[in-house]
Number of protein chains: 2
Amino acid sequence: MANSMPACAETISDERFTAIYHLTASDAEASDRAWDICLEQTVEFPDDLIPTRAIRERIVGRIASIVKLGRDRHEARIAFPVDVAGGELTQLLNVLFGNVSIKPGVRLMGFELPASLANRYRGPRFGQRGLRERLDVWDRPLLSTAIKPMGLSPKELAEFAYRFALGGIDLIKDDHGLANQSFVPFRERVTRLSEAVERANRETGLRSAYLPNITAPADQVLERARLARELGAGGYLIAPGLAGWDAMRRVADDDACGLPIMSHPAFLGAFTSSPLAGIAHGALYGQITRLAGADATIFPNYGGRFAFSIDECRDIVRACNAPMASIAPIFPAPAGGMKVERTRELCAFYGRDSVLLIGGDLHRPAGDLVANCRRFENSVRGAIGVPPRAERPDSE
Amino acid sequence: MANSMPACAETISDERFTAIYHLTASDAEASDRAWDICLEQTVEFPDDLIPTRAIRERIVGRIASIVKLGRDRHEARIAFPVDVAGGELTQLLNVLFGNVSIKPGVRLMGFELPASLANRYRGPRFGQRGLRERLDVWDRPLLSTAIKPMGLSPKELAEFAYRFALGGIDLIKDDHGLANQSFVPFRERVTRLSEAVERANRETGLRSAYLPNITAPADQVLERARLARELGAGGYLIAPGLAGWDAMRRVADDDACGLPIMSHPAFLGAFTSSPLAGIAHGALYGQITRLAGADATIFPNYGGRFAFSIDECRDIVRACNAPMASIAPIFPAPAGGMKVERTRELCAFYGRDSVLLIGGDLHRPAGDLVANCRRFENSVRGAIGVPPRAERPDSE
């Protein structure tokens with residue numbers, strides 16, 4: 001039947017984007033494996049049954065190159081039609097790594113989008129430059145911390161937020177475990193913490209931002225984002241692994257939200273846990289996170305309590321900054337068991353255009369959070385060669 | 001400061017749910033690693049800095065047991081407070097596997113929810129029994145296929161759908177790559193394919209259902225689901241790995257949608273690609289998928305073009321059927337390079353309460369789709385010991 005009917009594929013443009021995979025495959029297998037990806041990610045149909053030449057020529061992926069990397073390792077570059085991905089992030093992710101995610105020995109290393117496809121996405125609303133403008137911090141890495149531990153009352157957490165802001169922390173984010181639990185309800189928490197940070201800002205003259213966690217049920221993400229803005233929040237924390245990548249994209253695109261976004265890596269660990277499968281660190285925490293609208297991407301720093309290597313962290317930094325059509329660079333935000341004592345090393349590695357996130361350790365030594373924050377800031381300033389901030393008499 | 005303030009944690013109930021992890025850890029490390037999960041998944045705060053006893057006692061996870069499985073392998077059961085997970089699927093997933101997903105050598109094997117927590121979720125609207133009622137098929141596995149290849153026009157795809165329904169396929173789902181591309185727009189596709197299946201049903205007297213793919217941008221999933229129902233669709237296909245787990249839950253819970261859901265594994269492969277990390281097959285494709293509202297869970301069958309083992313498939317079947325408070329059992333739906341020739345083996349392994357999904361191979365031999373479908377059905381009937389369906393003179 002199908003052979004005699006005009007195929008719709010003929011209307012498709014021939015513009016392509018490129019996905020880069022590393023394959024566990026022998027020299028003999030590599031080209032069959034690459035061709036299998038071309039089919040699997042598009043028609044998902046047996047080669048010999050593809051009904052028309054137009055589908056074969058215009059829908060199916062094309063092998064752009066196969067390069068041997070080592071014994072049983074090959075890099076395949078596959079060119080997929082832009083029109084197959086269309087304008088939806090869900091479908092772009094599907095073409096990049098939908099079914100092949102389930103096949104053994106395929107790792108998505110990255111992708112290259114022509115401007116015509118990349119420009120279908122706004123990406124980060126602020127990016128590095130926009131976020132610096134909001135915070136009016138130009139000469140050093142941004143400082144961030146997390147509101148925790150869970151179990152304190154909103155009032156107690158607000159006291160922490162106040163002190164963090166007084167101490168000069170730029171981005172004060174919720175712990176990603178603070179959702180809308182009965183003991184720390186979203187509206188009360190956001191009201192109190194926004195007010196506390198604003199109060200500190202009036203005292204310091206700084207522009208610290210409180211970023212509540214808007215990781216939430218599908219129908220409440222946008223609602224919480226808009227509510228948070230009304231209540232005076234200065235940004236959002238969202239975990240795309242839990243809420244969905246496109247939920248983050250939707251918030252970033254929404255003019256009624258319009259605040260900076262930090263993305264959190266919760267539930268994403270499996271993507272990078274095997275070097276032979278999943279998605280490479282830069283592609284996941286850099287490219288995809290950026291395309292999906294985050295202004296800063298939190299990921300586990302090397303040498304902390306997680307397991308990323310120094311090269312994997314470098315890959316993320318590179319992907320945050322590499323050219324990507326009109327999509328702005330975003331901040332890498334290393335986190336996870338970081339300590340003030342490592343500031344010099346972190347600044348040397350991540351440079352000025354990063355967000356340094358210290359959570360629990362900022363409470364050490366216990367007793368004077370404001371002093372701890374200032375120590376953090378001055379340590380960063382010292383490491384990057386910027387003079388200490390002048391004390392203001394009214395900032396406690 | 002915090003030590004002198006009353007902690008909110010005191011208001012939390014002591015009811016717990018249990019998560020089961022396999023750890024790559026020596027005998028000496030196992031208990032520290034388990035304790036680390038207790039902290040990481042709740043307070044995410046250094047042990048010695050936890051400000052109150054109430055937080056330590058009521059918020060932090062508890063080690064219920066640690067059992068040695070083998071050299072450097074331990075099973076840890078951790079009991080987390082029900083109130084920390086609250087009533088949101090995003091936060092439950094976060095407690096189960098948020099940050100620990102990023103730590104090396106931790107695999108989530110499954111979880112046990114008390115009725116009070118499980119009952120906060122509707123789970124599948126239909127489940128096995130409800131789906132059988134809708135289709136009026138009681139005595140055999142359900143038959144399913146996919147509408148493809150991408151690149152044919154909606155009209156051509158509708159012709160396939162018509163023939164599949166005429167041939168007696170119960171669940172005729174979109175290929176998950178059919179989104180809302182310019183060459184196969186959602187509304188036109190769903191209109192034509194729903195009409196085609198309905199026309200075939202009038203001829204056969206059967207109740208075949210067409211399930212369009214509603215994997216879509218965050219703000220369009222529910223809209224497409226409702227539209228599809230208006231246009232006559234008989235169910236939904238959704239890929240929670242792309243759209244978000246809670247997007248599927250939201251559709252299942254929505255009375256204005258109210259159709260059966262098949263979940264698709266696209267983009268989920270990394271979760272199971274390493275036996276030492278990620279989430280076990282049954283927990284992911286069984287427990288989580290079920291909790292998130294699917295009525296049938298598609299996964300790659302063993303021995304096809306993907307890589308699941310026979311034991312991994314068995315784990316999924318078990319998790320689809322195991323008691324889970326008031327949440328109904330769902331259909332395992334093995335797929336991926338399946339062939340009619342394997343029907344007997346598949347029926348023996350998966351039993352009557354399964355959905356057998358044959359995609360491309362149902363087009364083989366080319367030429368008579370209706371006959372191929374009948375061969376599939378009769379092969380299943382033969383394997384399960386049910387007589388062949390009587391031919392109706394008006395069914396072509």
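The values are calculated or read from the model by the stated rules, or taken from the named source; none is laboratory data. Values in this document were obtained by computation on a predicted structure and should not be read as measured data. All Cβ positions, glycine included, derive from the backbone under ideal geometry; neighbour counts span all protein chains shown. We work out accessible area using only protein heavy atoms, side chains counted, and drop any ligands, DNA or RNA first. Shrake-Rupley method; radii C 1.70, N 1.55, O 1.52, S 1.80 Å.
If I stretch the segment between A:L49 and A:K339 completely, what's the gain in nm (0.36 nm per residue apart, minus their alpha carbon distance), one decimal? Don't jump to the answer; show the numbers that get you there.
On the way: separation 290, 0.36 × 290 = 104.40 nm, distance 5.89 nm.
Extra length from A:L49 to A:K339 when fully extended: 98.5 nm.
Of B:Y236, B:Y302, B:Y285, which is the most mobile in a GNM of chain B whose springs link Cα atoms less than 10 angstrom apart?
Among B:Y236, B:Y302, B:Y285, the largest GNM mean-square fluctuation belongs to B:Y302.
If you roll a 1.4 Å probe over the protein assembly as shown with all protein chains in place, what percent of the accessible area is carbon or sulfur? Intermediate results must be reported in sequence, preceding the final value.
Working: 12840 of 25910 Å².
After summing per-atom areas, the C and S share lands at 50 percent.
Run through the DSSP bridge list for chain B and note the antiparallel percent, rounded to the nearest 5.
Details: 22 of 47 bridges.
If I count the DSSP bridges inside chain B, around 45 percent turn out antiparallel.
Would you kindly find the accessible area of A:F271, with a 1.4 Å probe and non-protein molecules such as ligands, DNA and RNA excluded, rounding to the nearest 10 Å²?
10
By accessible area of protein heavy atoms, probe 1.4 Å, what ranking do A:R249, B:R33, A:R122 get, highest first?
Numbers: A:R249 40, B:R33 60, A:R122 110 Å².
Descending order: A:R122, B:R33, A:R249.
Students sometimes get this wrong: rank A:R374, A:R132 by accessible area, probe 1.4 Å, all chains present, largest first. Let's see the in-between values first.
Values: A:R374 40, A:R132 15 Å².
Result, largest first: A:R374, A:R132.
Say the dipole of the protein assembly as shown comes from +1 at the beta carbon of Lys and Arg and -1 at that of Asp and Glu; which of B:F17, B:G151, A:M109 then lies farthest toward its positive end?
The Cα lying farthest towards the positive end belongs to A:M109.
Please compute the average number of Cβ atoms from other chains found within 10 Å of each residue's Cβ in peptide A:41-54.
Details: counts 2, 6, 8, 10, 9, 7, 1, 4, 8, 3, 6, 4, 0, 2.
Per residue, the number of nearby Cβ atoms from other chains is 5 on average.
If you take the Cα Rg of the protein assembly as shown and divide it by 2.2 N^0.38 Å, with N the number of residues, what do you get? Spell out each step's value before the answer.
On the way: Rg = 26.4 Å, N = 792, 2.2 N^0.38 = 27.8 Å.
Normalised by 2.2 N^0.38 Å, the Cα Rg of the protein assembly as shown equals 0.95.
For region A:35-136, take every pair of Cα atoms, bin their distances at 5 Å starting from 0, and report each bin as a whole percent.
All Cα pairs, binned at 5 Å, distribute as 2, 10, 19, 19, 17, 12, 8, 6, 4, 2, 1, 0, 0 percent.
May I ask you to work out the translational diffusion coefficient for chain B at 4 °C, viscosity 1.567 mPa s, via Stokes-Einstein with Rh from the Kirkwood sum over Cα pairs, reported in whole µm²/s? Could you put the intermediate results ahead of the total?
Working: Rh = 22.3 Å.
Result for D is 58 µm²/s.
Hey, if we sort B:E223, A:E112 by accessible area with the 1.4 Å probe, largest down, what's the order? Walk me through the numbers before you get to the answer.
Values: B:E223 115, A:E112 90 Å².
Ranked from most to least accessible, the order is B:E223, A:E112.
Averaged across B:242-252, how many Cβ atoms of other chains sit within 10 Å of each residue's Cβ atom? Mind dumping the intermediate values first?
Working: counts 12, 8, 13, 7, 11, 8, 2, 3, 4, 1, 0.
Whole-number average of other-chain Cβ neighbours for B:242-252 is 6.
Just the number please: accessible area per residue for chain B, 1.4 Å probe, all protein chains included, in Å². Write out the running numbers ahead of the final one.
Numbers: 12960 Å² over 396 residues.
Value for chain B: 33 Å² per residue.
Would you look at the GNM of chain A, springs on alpha carbons closer than 10 Å, and say which of A:D32, A:D254, A:D295 moves the most?
A:D32
Run the reach check for B:K148 against lysines, Cα to Cα strictly under 26 Å, same-chain hits fewer than 8 apart removed. What comes back?
A:K103, B:K173, B:K339
Ratio of alpha-carbon Rg to the 2.2 N^0.38 Å globular estimate for region A:173-249, to two decimals, please.
1.09
Return the single residue from B:A179, B:A28, B:A76 with maximal mean-square fluctuation; model: Gaussian network over chain B, springs between Cα atoms under 10 Å.
B:A28
For A:M338, what accessible area in Å² do you get when you roll a 1.4 Å probe over the heavy atoms of the protein chains, rounding to the nearest 10?
Solvent-accessible area, nearest 10 Å²: 10 Å².
What is the mean projected area of the alpha carbon convex hull for region B:290-366, to one decimal in square nanometres?
On the way: hull surface 21.6 nm².
Value for region B:290-366: 5.4 nm².
Give the interface area between chains B and A as buried accessible surface, both sides summed, probe 1.4 Å, in Å² to the nearest 100. Could you put the intermediate results ahead of the total?
Values: alone 16660 and 16640 Å², together 25910 Å².
Between B and A, the summed buried area is about 7400 Å².
For region A:35-104 and region B:272-331, what is the separation of their Cα centres, given in Å?
With region A:35-104 and region B:272-331 each reduced to a Cα centre, they are spaced 26 Å.
Using a cut-off of 12 Å between beta-carbons, work out the net charge of the residues near A:G359 (Lys and Arg +1, Asp and Glu -1, A:G359 not included). Numbers along the way, then the final one.
Working: positive: A:K148, A:K173, A:R305, A:K339, A:R364; negative: A:D174, A:D175, A:D361, B:E40, B:E44.
Value of the local net charge: 0.
Roll a 1.4 Å probe over the protein heavy atoms and report the accessible area of A:E195 in Å², nearest 10.
Looks like 90 Å² after rounding.
Using +1 on the beta carbon of Lys and Arg, -1 on that of Asp and Glu, and nothing else charged, what's the dipole of the protein assembly as shown about the Cα centre, debye to 20? Mind dumping the intermediate values first?
Numbers: 96 positive and 98 negative charges, 52 e Å.
In debye, rounded to 20, the protein assembly as shown gives about 260.
Using only atoms on other chains, find how many Cβ atoms lie within 10 Å of each Cβ of peptide B:366-377 and report the average. Kindly include the intermediate steps, with their values, before the conclusion.
Details: counts 6, 1, 1, 1, 0, 0, 0, 0, 0, 0, 0, 0.
Mean shielding by partner chains, rounded to a whole number: 1.
Tell me the Kirkwood hydrodynamic radius of region B:72-194 in angstroms, computed as one over the mean inverse distance between distinct C-alpha pairs. Don't jump to the answer; show the numbers that get you there.
Numbers: mean 1/r = 0.0534 Å⁻¹.
One decimal place: 18.7 Å for the Kirkwood radius.
Can you tell which of B:C373, B:S26, B:G235 lies farthest toward the positive end of the dipole of chain B, using +1 and -1 charges on the Cβ of basic and acidic side chains (Lys, Arg; Asp, Glu)?
B:C373
Hey, can you grab everything whose amide H is under 5 Å from the amide H of B:R16? Only 5+ residues off in sequence or another chain; H modelled, so Pro and N-termini drop out.
Amide H neighbours of B:R16: B:V82.
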